[in-house]
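Report on one structure; see the data block that follows.
The values are calculated or read from the model by the stated rules, or taken from the named source; none is laboratory data. Just so you know, these numbers come straight off a predicted model, no measurement behind them. Cβ: placed from backbone, ideal geometry, glycine included. Neighbour counts: every protein chain shown. All accessible areas refer to the heavy atoms of the entire protein, side chains included, with ligands and DNA or RNA removed. Shrake-Rupley method; radii C 1.70, N 1.55, O 1.52, S 1.80 Å.
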Amino acid sequence: QVQLVESGGGLVQAGGSLRLSCAVSGRPFSPYTMAWFRQAPGKEREFVARMAWPVSTHYADSVKGRFAISRDNGKNTVYLQMNSLKSEDTAVYYCAATRGAATVIPGQYSYWGQGTQVTVSL
């Protein structure tokens with residue numbers, strides 16, 4: 001089993017930055033594809049960013065140029081650096097992992113964290 005624990009969420013003003021962390025335990029970190037999704041109230045969970053092994057990245061259009069996903073294999077941790085935050089970025093952010101093909105579909109990820117709230121105020 002793989003356990004994922006997110007941290008780093010909080011309240012930030014529009015235009016500000018946050019860095020989310022996802023600590024991975026239970027299995028070797030590689031070669032999982034790691035991803036971040038988010039879910040706002042009343043909306044479906046949506047893809048934000050993913051990093052396939054070793055460093056191939058892909059972003060949702062809505063965050064491209066503002067968010068950056070990275071991984072520290074020595075620390076078994078994945079990060080999501082979020083800059084120039086907007087009110088529409090407000091959501092619960094989830095870390096996910098899969099050993100399958102890199103994908104943007106939530107249902108194809110086997111492992112999920114509990115989520116961390118990000119709130120962007122105007």
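Residues in the stretch 60-77 carry Karplus couplings, in order, of 5, 4, 5, 10, 4, x, 10, 10, 9, 9, 8, 9, 10, 5, x, 9, 6, 9 Hz; the curve used is 6.51 cos²θ - 1.76 cosθ + 1.60 with θ = phi - 60°, and Gly or Pro positions show x. Along its three principal directions, the equivalent ellipsoid of the stretch 1-50 from the Cα gyration tensor extends over semi-axes of 24, 15, 10 Å, largest first.
Overall shape: prolate for the stretch 42-94, with the ratio a/c of the largest to smallest alpha carbon gyration tensor axis at 1.5 or above and a/b above b/c. Size descriptors for the stretch 64-122, from the alpha-carbon set: Rg then Dmax equal 13.0, 39 Å.
Local charge for TYR32 was computed over the other residues whose Cβ lies under 12 Å away, with Lys and Arg +1 and Asp and Glu -1, and equals +4. Ordered by 1.4 Å accessible area with all protein chains kept, ASP72, ASP61 run largest first as ASP61, ASP72.
If you count only protein heavy atoms with a 1.4 Å probe, what accessible area per residue comes out for the stretch 1-68, rounded to a whole Å²?
Numbers: 3530 Å² over 68 residues.
Value returned for the stretch 1-68: 52 Å² of accessible area per residue.
With the convex hull of its Cα atoms as the shape, the chain has an orientation-averaged projected area of 6.7 nm². Projecting the Cα atoms of THR103, ALA14, VAL63 onto the charge dipole of the stretch 1-111 (Cβ charges, centred on the Cα centre) puts THR103 farthest toward the positive pole. Think of each Lys and Arg Cβ as +1 and each Asp and Glu Cβ as -1; about the Cα centre, that makes the dipole of the stretch 3-122 roughly 220 debye. Rolling a 1.4 Å probe over the protein chains gives SER70 an accessible area of about 50 Å². I need the trypsin sites (Lys or Arg not before Pro) found in the stretch 48-97, filtered to DSSP loop residues with at most 15 other beta carbons within 10 Å of theirs. Taking the stretch 48-97 and a limit of 15 other Cβ atoms within 10 Å, the loop trypsin sites (Lys or Arg not before Pro) found are LYS64, ARG66, LYS75, LYS86.
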